[in-house]
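A short write-up of the structure that comes next.
The values are calculated or read from the model by the stated rules, or taken from the named source; none is laboratory data. Treat the numbers as computed from the prediction; the structure is a model and nothing was measured. So basically every Cβ, Gly included, is an ideal-geometry build from the backbone, and we count neighbours across all protein chains shown.
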Amino acid sequence: MNIEFFLDGKAVSAQPGQTVMDVAKANGISIPGLCGEKRISKTTSCFVCVVRDKKTGKFLPSCSARPVPGQEIEVTHPDVLEMRRTALNLLLSEHNGDCEAPCTLACPAHAAVEEYVRAAANGDFQEALRIIKERIPMPMTIGRVCPRFCEKQCRRNVDGEPVAINEFKRLAADKCYESYMEELPVSCGKHVAVVGGGPAGVAAAYYLRRLGIDATIFEMMPKAGGMTRYGIPEYRMPKDLLDKELAHLEKMGVKFEFGKKLGENLQLDELQKKYDAVIVAVGCWQASGMRCEGEELAVAGIDFLRDVIENDCHAANPGKVLVVGGGNTAMDCVRTSVRLGSPEVYCIYRRSEAEMPAEKIEIHEAKEEGVNFQFLTAPVKLEKRGDKLVLTCQKMVLGEPDASGRRKPVPEAGSDFEIEADTVIAAIGQKTAAPAGLPVNRYGCIEVGADAVTVAEKLYAAGDCVSGAATVVEGVASGRRAALAVARDLLGMPMPEEPSINVSRGKWQDLTRDELVVLRDNLSDAPREKLNYIPLTERKTTFKEVCSTMTPEQIAAEGKRCIECSCSDKHDCKLRQFAEEAGCKTDAYSGVRQAAVYDVRHPEIIQDRGKCIKCGVCVKICKEVVNKSLLSLQKRGFKSCVSTAFGVPLPDSCRECGECINACPTGALDWRKKR
Amino acid sequence: MSKIVAIKIGLASCGIAAGGEAVLAELKKATDLPVIEVGCIGHCYAEPLVEACLDDGSSVIYGNVKATEKDIQNILSLAEEGRFEIPAARKAKELVKVLALAGKISPVDFDDYTANGGYEGLKKARMMKPEEVIEEIKLSGLRGRGGGGFPTGMKWGFLAAKPGFDKTVICNADEGDPGAFMDRSLMESVPHQVLEGMLIAAYATGASRLIIYCRAEYPMAIKHLKIAIEQINAHKINCFDDRTIEISIKEGAGAFVCGEETALIASLEGQRGMPRFRPPFPTDSGYQGKPTMINNVETFGNVPIILREGGKNFASVGSEGGRGTKLFALAGDLKYPGLVEVPMGTTLREIVFEIGGADPDHVKAVQTGGPSGGCIPVEMFDTPVDYDSLRSLGAIMGSGGMIVIGNDRCMVETARYFLDFTHRESCGKCTFCRVGTTRMFEILERIVAGKGCEADLDTLEDLGKKIKAGSLCGLGQTAPNPVLATLRYYRHEYLEHVNENKCRAMQCNALVDIYINKDNCVKCKMCLRSCPVNAISDDFVVDPAVCTRCNSCLDSCPKKTIIRVAKGEAK
């Protein structure tokens, strides 16, 4: 006799023995659940599958509850969804794992760091390059100039030094650039104009092409590359390599038109008429002044650098140089000045060294090359006296932290002093000069919609002109996003979003060595591989690249230092999937997490108890399906856990059938070897 | 003048804890009179208790007896000194039926029990048809004494409806509530009464297997029950016309959750004590998959009385919300802690003030139902104690724990205390119970540490409701009760903690300093000597940074001039 009842008001029929969840499924209503498994007796533990009996108001676990005739079951009522979300939020609050590795989360382009590090360390550079180029279309460039957001979050920092992640990109790109070619779909016939051939424009064109959309890059300069060409000195980014990187785009079918500047010999409305969509990625080419009297006498940092590059590094000796500013452009200016033969180079910065936005390695290398740093010094006035420039400066002291969190410098009364120089370079910052006709925000950057790239219908913007001066990797991430938005709007492709649920074990700063969870079996404790520098004299007199690419042997050794933090189950973790679908938050409830206790004594299987949700499915699978009973639930309350009897290693009688691993809804039980 | 013919000494766990064994040894040395070890009469505050039975049938009781020659001689000479009288107010309010033989007979003397009406209920039942017995139970209005309050007769009817005799009746003696000891006392003092109730149940329901699931922390109860079972077997009381009833004891390992029936059955079967989804209910599929019925110790203790006096008579005592009498373990801030038996429907006021002797000016609330229950403020003490009226106030009757909360107790701390227990005792199965109670506990810890915020109260309420709705068994379904009830009646105390960093009861250490009022100080330096961390200076100033608020100085001060004050006010 079938049982007639109602699911969200719809009359349905259950066969004897069917649960509410079974009937819902048969009627096309999917209910999430973490603890159900057809072959075992009910565990009824996760309570993610709750539904509500409308009459009694009682919540029922639908995996176990059998319908009663005439019962009205609510499946999608907001209260029901809220209960499910709370159950998932509670599970997330105790979950102690890393869905994604901290390096990948830190990378603006979300490159799959762990995966390419592993491939390159294993000598598979083609595969490494393939993985890198999923997110980073300019690995030769970024492999050299990236400020390495990833390495700053690398857990190996606990031991002193992070894995040299960027070197993996550099070697993989250097080794396989010629031989590697993407599989490209045939063109769909759509054609997009990309204005600007910098990192964002290049990335946009690259990913458009990979999505089957034709792209033409309109570049105002004689060559493409944007700031990577005209802003980064040769000794950091050899331009022949950049040419190779751009030539690859041409090989892929991307077209370039040079000497085309928006608003001058290129009109937005014409582009919009002629092309299916337009992406504006014109960058951030207007330098900020020193904001002091006589600032017009100073050369802008980016203009200085561009000048040197346009002259193939044969620019005139600038004489004694003062560079004002503390960012990477300032470092590029001081080090370029050294190479042009300047007898004395000063860097003048109004805060202390700790607050300098430039990369530590750049500051270190600049010091090695003899640059004189004047910290806590701010320019007051610049004037010309005879054929010399005189910069009046003021000493500063650090006050309270400002909005950026850095301590604000305040002038020290009566501390003025003068410095004489031949050239004064202002490397203060850059502003966007937004092309006419585009909406701008209060920073003068192009205003975009919630997806961070859409300006108007079939008009997009990406890179520095949206964000303000940023890094190459941020530029390519933005360019890729614009390409995906175009594909969404022109081809109806869903925009792939990054997973919203990323549980983290915590930042390395909050962890000790003992708290690092190492599931791989051959972690190396060797120190970070050293970079191979050219001699200092050569550095100071030529524009040769400062250090060479690591060798495959170095990379193989360095790869063994990677902890491989990400979860082995990140792509098919049901907890993560349902939590995302339910709109959960990993910080909905704060409190103690499960202890990061893990067991790698078995050669094939890991038990990562911090990720266990205590559903008990593995226990029952082993007992009722495999007939082994090797696992059991132990302890009580929050400390409940799954373990073997007496905590011994999984015994020889475990025939590694993998039933428990397949049934585990999270990464609490898994194969040791990441697949 | 009357002569002593026998001496009875209360040697249940409570009597032993109070030093009863030493008194027994001294008594045996001092006299050749028969000394009978009996159970507990429920007056914990007066233990050890010794009763001198006289030849005229009357007796004289001595309380707080010490193992000294003087106290022993007082008894043997029937001196006036040291005599114990049951407080008049308690005597007037109490109705001792279930505990009538407790402390009066030897628990392990079969003949003592039968001589006092024991096994007459069973005899009577066996002269009736099983369904007539169930009718009698239904007529009595008896409801489950374990806390749920399910009508016992109906439950028996479910099991009786199952065919055959391959059925099990289980006595739930896993009394786990902190502060509750009704079942222990009954099993220790009159084990036969519980067993008689079980045998009647077996007869009425057609069961042939009786199991007592008793926590291992009750060794004396287990010992007495074992002896009683041997006596039953020897006297063949368990041999019915068509079957012999097998009686066994299973010792539980101390998991609170095993008091829940499906977890209890899992534990009996040798599995981890975890509840499962119902249905199927145990009466359909219980122990070993066979029809099973579970009743509480006190429920079984009532059964022989019902059979003896008839269901109708039994039902004449009590109120609409519950028939018969109920045992309560009275504890907390009151004068006469102990085990009391009152008719259902007696008001909290009568129990707490008249029977318990609590000071009306000093009581804030009472917690019923232990960690699964809730608090009831003193303003509502006219509430009759029965299943339904307590539930309507957000508390539960539970198994009968009743803790009196004085004015100097913090209600947030009280809630934290109970959550500390339940969150540890969760079996870990249901997400809401395992993680949710832990999160609630953490929030309460924050609040008592002065680190809470007002939003925490909403989270507590929201999580509490969800945990109740999203848990399989009674543990999770009731664990938030102490928090929800205190939030309902004492929200102002929570708000004072989170908004003003104030604990009005001066109990939360993080919000309190210790102050020595020098006006009354006699400079005896007892406080200095008692301080374990040397927080008190030679001029009697407490360093709040060092002080652990352990109260040693308060306790040591002969002038009671050291007090707890709000943080920062020790000036």
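Test of understanding: among B:Ser189, B:Ser185, which residue is hydroxyl-bearing (Ser, Thr, Tyr), within 24 Å of B:Gly345 (Cα to Cα) and modelled with pLDDT of 95 or more?
Going through B:Ser189, B:Ser185 in turn, the sole match is B:Ser185.
Go through the residues of the range A:592-610 one by one and say whether even a single one is crowded, with 23+ Cβ neighbours inside 10 Å and over 20 Å from A:Glu515 (Cα atoms). No: the range A:592-610 contains no residue that is crowded, with 23+ Cβ neighbours inside 10 Å and over 20 Å from A:Glu515 (Cα atoms). Scanning the range B:544-570 for residues that are more than 14 Å from B:Ala510 (Cα to Cα) and of a type in the set (D, E, K, R) yields a count of 3. Residues that are touching a Ser or Thr at 6+ places or on another chain (Cβ under 9 Å) and without any contact (Cβ under 8 Å) to a residue 24 or more places away in the chain are absent from the range A:95-104 altogether.
I need the full set of residues from the range B:497-509 which are part of a helix (DSSP H, G or I) and surrounded by fewer than 19 Cβ atoms within 10 Å (Cβ to Cβ), in order please. Break it down into steps so the answer makes sense when it comes.
At the first step, the residues of the range B:497-509 found to be part of a helix (DSSP H, G or I) are B:497-500, B:509.
Selection gives B:Asn499, B:Glu500.
Let's see how each residue does on (1) modelled with pLDDT of 95 or more; (2) surrounded by fewer than 24 Cβ atoms within 10 Å (Cβ to Cβ); (3) β-branched (Val, Ile, Thr):
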residue: A:Leu90; (1), (2), (3): yes, no, no
residue: A:His95; (1), (2), (3): yes, no, no
residue: A:His110; (1), (2), (3): yes, yes, no
residue: A:Ala128; (1), (2), (3): yes, no, no
residue: A:Arg135; (1), (2), (3): yes, yes, no
residue: A:Thr141; (1), (2), (3): yes, no, yes
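Among the residues of the range A:84-111, just one is in contact with a strand residue (DSSP E or B) (Cβ under 8 Å, 6 or more places away or on another chain) and either more than 17 Å from A:Cys584 (Cβ to Cβ) or more than 13 Å from chain B (Cβ to nearest Cβ) (or both), namely A:Gly97. Quick check, is A:Ala203 modelled with pLDDT of 95 or more, assigned by TED's automatic domain parsing to the domain that holds A:Ala120 and either out of contact with any strand residue (DSSP E or B) (no Cβ under 8 Å at 6 or more places or on another chain) or more than 29 Å from A:Glu359 (Cα to Cα) (or both)? Against the criterion (modelled with pLDDT of 95 or more, assigned by TED's automatic domain parsing to the domain that holds A:Ala120 and either out of contact with any strand residue (DSSP E or B) (no Cβ under 8 Å at 6 or more places or on another chain) or more than 29 Å from A:Glu359 (Cα to Cα) (or both)), A:Ala203 does not qualify.
Here the strands (runs of 3 or more DSSP E) wholly within the range B:1-78 that include at least 1 residues being farther than 23 Å from B:Pro219 by Cβ and modelled with pLDDT of 95 or more are B:4-10, B:50-54, B:59-62.
Please verify whether A:Arg672 is surrounded by 14 or more Cβ atoms within 10 Å (Cβ to Cβ), among the basic types (Lys, Arg) and over 29 Å from B:Gly436 (Cα atoms), treating the condition exactly as stated.
On the way: surrounded by 14 or more Cβ atoms within 10 Å (Cβ to Cβ): yes; among the basic types (Lys, Arg): yes; over 29 Å from B:Gly436 (Cα atoms): yes.
Yes, satisfied.
For the range A:26-34, indicate whether the set of residues that are within 20 Å of B:Ile467 (Cα to Cα), more than 9 Å from every other protein chain (Cβ to nearest Cβ) and in contact with a Gly (Cβ under 6 Å, 6 or more places away or on another chain) is non-empty. Within the range A:26-34 (the criterion being within 20 Å of B:Ile467 (Cα to Cα), more than 9 Å from every other protein chain (Cβ to nearest Cβ) and in contact with a Gly (Cβ under 6 Å, 6 or more places away or on another chain)), the answer is no, since none of the residues qualifies. Number of residues in the range B:344-381 that are closer than 22 Å to B:Gly149 by Cα and part of a loop (DSSP other than H, G, I, E, B) equals 6. Go through the range A:134-161 and give me each residue that's over 15 Å from the mean Cα position of the chain (by Cα) and under 19 Å from A:Gly506 (Cα atoms). Within the range A:134-161, A:Arg155, A:Arg156, A:Asn157, A:Val158, A:Asp159, A:Gly160, A:Glu161 meet the criteria.
The set of residues in the range A:268-316 that are surrounded by fewer than 18 Cβ atoms within 10 Å (Cβ to Cβ), in contact with a strand residue (DSSP E or B) (Cβ under 6 Å, 6 or more places away or on another chain) and among the hydrophobic types (A, V, I, L, M, F, W, C) contains only A:Leu297. Of the strands (runs of 3 or more DSSP E) contained entirely in the range A:415-527, those carrying at least 2 residues that are closer than 30 Å to A:Val321 by Cα fall at A:417-421, A:423-426. For B:Lys236, the conditions (1) away from chain A (no Cβ under 14 Å); (2) over 23 Å from B:Gly118 (Cα atoms) are fulfilled apart from (2).
Only residues that are without any contact (Cβ under 8 Å) to a residue 60 or more places away in the chain and more than 12 Å from chain B (Cβ to nearest Cβ): list them for the range A:37-49, please. A:Lys38, the sole residue that qualifies.
Across the range B:176-197, what is the number of residues that are of a type in the set (Phe, Trp, Tyr) and farther than 12 Å from B:Tyr218 by Cβ?
In the first step, residues of the range B:176-197 are kept if they are of a type in the set (Phe, Trp, Tyr); the result is B:181.
From what is left, the residues that are farther than 12 Å from B:Tyr218 by Cβ are none.
Summing the residues that are of a type in the set (Phe, Trp, Tyr) and farther than 12 Å from B:Tyr218 by Cβ in the range B:176-197 gives 0.
Here the range A:63-83 is the region considered, the condition is being within 11 Å of chain B (Cβ to nearest Cβ) and surrounded by 16 or more Cβ atoms within 10 Å (Cβ to Cβ), and the residue that is farthest from B:Lys468 (Cα to Cα) is A:Arg66. Hey, any hits in the range B:420-428 for a residue that's buried (at least 24 other Cβ atoms within 10 Å of the Cβ) and in a helix (DSSP H, G or I)? The answer is yes; a qualifying residue exists.
The residues in the range B:444-476 that are within 10 Å of chain A (Cβ to nearest Cβ), β-branched (Val, Ile, Thr) and crowded, with 24+ Cβ neighbours inside 10 Å can be counted, and the count is 1.
I'd like to check something: does the range A:128-149 contain any residue that is within 14 Å of chain B (Cβ to nearest Cβ) and either among the basic types (Lys, Arg) or part of a helix (DSSP H, G or I) (or both)? Taking every residue of the range A:128-149 in turn, none turns out to be within 14 Å of chain B (Cβ to nearest Cβ) and either among the basic types (Lys, Arg) or part of a helix (DSSP H, G or I) (or both). The set of residues in the range A:355-395 that are among the small types (Gly, Ala, Ser) and either over 21 Å from A:Ala469 (Cα atoms) or touching an Asp or Glu at 6+ places or on another chain (Cβ under 6 Å) (or both) comprises A:Ala366, A:Gly370, A:Ala378, A:Gly386. With respect to the conditions (1) of a type in the set (Gly, Ala, Ser); (2) more than 14 Å from chain B (Cβ to nearest Cβ); (3) within 28 Å of A:Gly506 (Cβ to Cβ), A:Ser653 lacks only one, and its number is (3). Taking the conditions (1) over 24 Å from B:Ile306 (Cβ atoms); (2) among the aliphatic types (A, V, I, L, M); (3) touching a residue at least 40 places away in the same chain (Cβ under 8 Å); (4) crowded, with 19+ Cβ neighbours inside 10 Å in turn, B:Ala228 satisfies each one other than (1). Restricting A:Thr329, A:Thr336 to those that are hydroxyl-bearing (Ser, Thr, Tyr) and touching a Cys at 6+ places or on another chain (Cβ under 9 Å) reduces the list to A:Thr336.
Please state which one of A:Lys614, A:Lys635 is within 12 Å of chain B (Cβ to nearest Cβ) and free of Cβ contacts under 8 Å to residues at least 40 places away in the same chain. Please lay out each step first, then the result.
Values: A:Lys614 fails: free of Cβ contacts under 8 Å to residues at least 40 places away in the same chain.
Of A:Lys614, A:Lys635, the one residue that is within 12 Å of chain B (Cβ to nearest Cβ) and free of Cβ contacts under 8 Å to residues at least 40 places away in the same chain is A:Lys635.
All of (1) within 16 Å of A:Ser30 (Cα to Cα); (2) surrounded by 14 or more Cβ atoms within 10 Å (Cβ to Cβ); (3) more than 8 Å from chain B (Cβ to nearest Cβ) hold for A:Lys54 with one exception: (1).
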